[in-house]
1. Filter segment 61-106 down to the residues that are of a type in the set (D, E, K, R) and assigned to a helix (DSSP H, G or I), then identify the one that is farthest from MET233 (Cα to Cα).
2. Could you list, in sequence order, the residues of segment 51-60 that are assigned to a strand (DSSP E or B) and either of a type in the set (Gly, Ala, Ser) or more than 24 Å from CYS184 (Cβ to Cβ) (or both)?
3. Scanning segment 203-222 for residues that are aliphatic (A, V, I, L, M) and at pLDDT below 95, which turns out nearest to HIS138 (Cα to Cα)?
4. Restricting attention to segment 13-50, which residues are over 10 Å from ASP108 (Cα atoms), among the hydrophobic types (A, V, I, L, M, F, W, C) and either modelled with pLDDT of 95 or more or in a strand (DSSP E or B) (or both)?
5. Mind counting the residues in segment 96-120 that are modelled with pLDDT of 95 or more and within 26 Å of LEU32 (Cβ to Cβ)?
6. Consider ASP154 carefully, then state whether it is surrounded by fewer than 18 Cβ atoms within 10 Å (Cβ to Cβ), outside any loop (DSSP other than H, G, I, E, B), over 15 Å from the mean Cα position of the chain (by Cα) and on the phi < 0 side of the Ramachandran plot.
7. For segment 58-81, state whether one or more residues are polar (S, T, N, Q), over 30 Å from ILE257 (Cβ atoms) and surrounded by 17 or more Cβ atoms within 10 Å (Cβ to Cβ).
Amino acid sequence: MNRIAKKLRLHGRKLNPLRLRQPRVLVLGIYLADRKNLVRHIVQELDETRCYRVTQRWAALNGEAPAPHVDKVTRMKPQQRVPKFALLNRLMEGVDVADYDFILLCDDDIQLPESFLDRFLDRQTQYDFALAQPARTHDSYTDHPIVEQVDGLDARRTRFVEIGPVVSLRRDAAVLLLPFDEACGMGWGLDLLWPVLIERAQLRMGIIDATPVAHALRPAAKSYSLDEAFAHMHAFLEDKPHLTKEQAMVVLERHAI
């Protein structure tokens, strides 16, 4: 047994086989450069991982990077409005997603807990979630009650993983779900389509309660029309197998701390 395995065993944690090497993580993010954001904190926190090899690719909308370490990972500065998931596809151009163990999609308005990436991905692996998101803190803006942190739980297996503000796709989910169908626009409805595809592939998905993120800087959907997003979602889902909201908001398993 090597040194890492011994350390994990001594701490009583279930051995994560990916920890025996350094898995690769690709972070794809978008920040609104002309609005208050937390991208400096996010980029720095994700770079401070001890257990993963992280590559970050960000797009800046409506301005310049707020700091040198953010500018270093800013790959695009589009001059016109581009829907979120079309922009994420552009950030992936020239990248073979199969080269990465995890693809992390990230917005710019969240506060990450200390050692977020190591702790979050460790649990995603432990609970065998191909698709996962961190829960949100109690003081966060939330559109779906299921994503709020449940005290006393480590994680929940669910039929729902929201499109943001942080989503992690393990390699098998990334190959299945990427590139994004750009007809989805801002992405509304993808989180009702994803569970059908995940379950067909006999994979699992869930929410990690142990590593909640604070999403309190600004409410969702403030940079675009809610009415347009709803209409677009219904049109996008009309001819695709998907869950209803009631079918999706289900917890299948609970894992205590």
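The values are calculated or read from the model by the stated rules, or taken from the named source; none is laboratory data. Source: prediction; values computed, not measured. Positions of Cβ are generated from backbone atoms using ideal geometry, with glycine treated the same way; all protein chains shown enter the neighbour counts.
1. Initial filter on segment 61-106 (of a type in the set (D, E, K, R)): 64, 71-72, 75, 77, 81, 84, 90, 93, 96, 99, 101.
Next cut, assigned to a helix (DSSP H, G or I) only: 71, 84, 90, 99.
Working: ASP71: 33, LYS84: 14, ARG90: 21, ASP99: 31 Å.
In this case the residue turns out to be ASP71.
2. Just the residues of segment 51-60 that are assigned to a strand (DSSP E or B), to begin with: 53-60.
Listed by number, the residues that qualify are ARG53, VAL54, THR55, ALA59, ALA60.
3. Keep residues of segment 203-222 that are aliphatic (A, V, I, L, M), which gives 203, 205, 207-208, 210, 213-214, 216-217, 220-221.
Filter once more, keeping what is at pLDDT below 95: 216-217, 220-221.
Numbers: ALA216: 10, LEU217: 13, ALA220: 16, ALA221: 19 Å.
Top of the filtered list is ALA216.
4. Selection gives VAL25, LEU26, VAL27, LEU28, LEU46.
5. Count: 17.
6. On the way: surrounded by fewer than 18 Cβ atoms within 10 Å (Cβ to Cβ): yes; outside any loop (DSSP other than H, G, I, E, B): yes; over 15 Å from the mean Cα position of the chain (by Cα): yes; on the phi < 0 side of the Ramachandran plot: yes.
Judged against the criteria, ASP154 is a match.
7. First, pick out the residues of segment 58-81 that are polar (S, T, N, Q): 62, 74, 79-80.
Now restrict to residues that are over 30 Å from ILE257 (Cβ atoms): 62, 74, 79-80.
Remaining after also requiring surrounded by 17 or more Cβ atoms within 10 Å (Cβ to Cβ): 74.
The answer is yes, given that some residue of segment 58-81 is polar (S, T, N, Q), over 30 Å from ILE257 (Cβ atoms) and surrounded by 17 or more Cβ atoms within 10 Å (Cβ to Cβ).
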